[in-house]
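The block underneath contains the structure these notes are about, expressed in structure tokens.
Read the figures in this text as sums done on the coordinates, not as results from a lab. Worth saying up front: this structure is predicted, and the values here are computed from it rather than measured. Cβ coordinates were reconstructed from backbone atoms using ideal geometry, including for glycine residues, and neighbour counts include every protein chain displayed.
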Amino acid sequence: MGNTAASIGKLGLEGLMDRANIAFTNGYRFKGAINSVTLQHSINAICQSIEKFSYQVHFVSQDNYSWQQTEQHSFTLNNITAANLETAFAQVCQDSHQNFAKQKQVPMLFTLIQGTNTEKDEFIIAQTSCHTHVDARSSEVIFNKIIEHYNALSQQDESKNKAIIASAEQLQTVDADFIIQQRFALNETASHDDNVANIMSYQVDDIGQHAIPMASLDELLPKYKTTERSPFIQYFNVEKMLTSARQKHENISKNSVVCAAIVKAIYNINVQQKGVVAEHIISFKMLSDLLSPQMRQQYCGNYIAFVPVTVNGELPLEDIAKDINDRIINFKTTNLDVSIFALTEAAIKEAIVGSADEPLSFIVTNWNNFTFINQEDYLTDCQSIRHQSGVNIEPKDNLGAALVNRPVLVINFSPNGELCLSQFPSLDSEKVNQNLANQFDDVFSTFGT
């Protein structure tokens, strides 16, 4: 195929994602037997049905990029065996950019890691996605379709297979403006003007100076590109923490409690290591999915907003969780997240993203796959064990680095309630990641893991 004009909708954020060069990996761990030939067939059938996957970004500047059609990719399944599944998964995450390059920048990679010795009955299906093409929710939708296709093949259900392929073919990327208009049409009480006023008056501060200043990236980015990055992945039992927090605030979500624990870790670094006074606020960005589950079955792309959240770090963990929970309810009911998305798209069109420092200490995102968590027969003849994550980044320039120039945390829950908490590599030093990991160990143990 030639470089024809794309029929793919325009999201300014996807041009920025091209510069950030984020490769994110979901790991789905199972116990049982997998047919790798059938899985390979399902991967190729679904991924080749998605129109966007035969396009690549041609980037000129943040206000000038286009999708150009390329040859159709073949989506191969890399098969490996390992005595330690976790070690092998970490290596897959570490090698993600090299593997993308080997496969001609295919938008999605798949690795089947099968255990040996004591783990011989278990395996991980690792799905590595290019963030330019998809966000975590789109990646989840695609993975679920692959598993549905695999199950139908295993059960020789041809009509179901055809329906799944048809659903994959319907996934499309539409312009940002279309989604913004649709979301406000669905929420007539929401006011974009009121939201803008709220955003402008909302207090944010990075008192602990966790964000890397834009002026420092010229020095740090070349050094970062020469270092080897190993993912930081931790697992915690949060049931006691959740139970304790809900004794005071019964309706707070798991996500809010984990975010509060992250705040406490940042707070401890501020007070214990940076000499910040005990009473201070902590601000961070929370990724918000702009689409409903039904819309996710129609639209494929980066439909996310980075919403600021500010809390008093000195408060008890359960009260911080309550404040975070209230903020989430507020920005969802008022379409504040949609307004932030609209403002971001407008800033990209004006080419002003990355021109100023943002006083926000970290970014947090939640990749829960609730179909995997809640559906016992998710994968035919297999038991779902764990959902894990790992990320690697190779920013192409300072503009891309501006999206990831502070700690970025990923939350995943597994069917048994276990938390996986992973970190993007720090552009500054691996010591930043290790320090955070140590603090997470302390916070989760202190609050009853």
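Quick notes
- Helix-only CD estimate at 222 nm, as mean residue ellipticity for the chain, using -39500 (n - 2.57) per DSSP H run (n ≥ 4): -12500 deg cm²/dmol
- Relative contact order (%) - criterion: Cα under 8 Å, at least six apart; region: the range 12-169: 33 percent
- Bridge type composition, the chain - antiparallel percent by DSSP, nearest 5: 80 percent
- DSSP H segments from the chain that extend 18 Å or more along their own axis, Cα-based, with Kyte-Doolittle mean of 0.0 or above: 254-268, 336-349
- A convex hull fitted to the Cα coordinates of the range 223-339 yields 181 cubic angstrom per residue.
- Per-selection Kirkwood Rh - the range 40-97 (Cα, Å, 1 d.p.): 14.3 Å
- Put simply, when 360-370, 377-387, 187-197 are sorted by average Cβ atoms within 10 angstrom per residue, most first, you get 360-370, 377-387, 187-197.
- Whole-Å distance, taken between Cα centres, linking the range 357-383 and the range 269-308: 15 Å
- Each of LYS332, LYS274 was scored by other Cβ atoms within 10 Å of its Cβ. Listed from fewest to most, they are LYS274, LYS332.
- Residues in the range 235-251 that a label on ASP326 would reach, taking backbone N under 18 Å of a point 7 Å out along Cα→Cβ: 245-251
- Share of pairwise Cα-Cα distances greater than 16 Å in the range 323-373 is 65 percent (whole percent).
- All-pairs Cα distance distribution in the range 12-169, expressed in whole percent, bin size 5 Å: 2, 9, 18, 20, 20, 15, 9, 5, 2, 1, 0
- Taking one quarter of the surface of the convex hull spanned by the alpha-carbon atoms of the chain gives a direction-averaged projected area of 21.2 nm².
- Peptides 394-400, 346-352, 127-133 ranked from most to least packed by the mean count of surrounding Cβ atoms within 10 Å: 127-133, 394-400, 346-352.
- Amide H contacts of TYR299 (H built 1.01 Å from N, in plane; Pro and chain starts excluded): GLN172 sit under 5 Å, all sequence-distant by 5 or more or on other chains.
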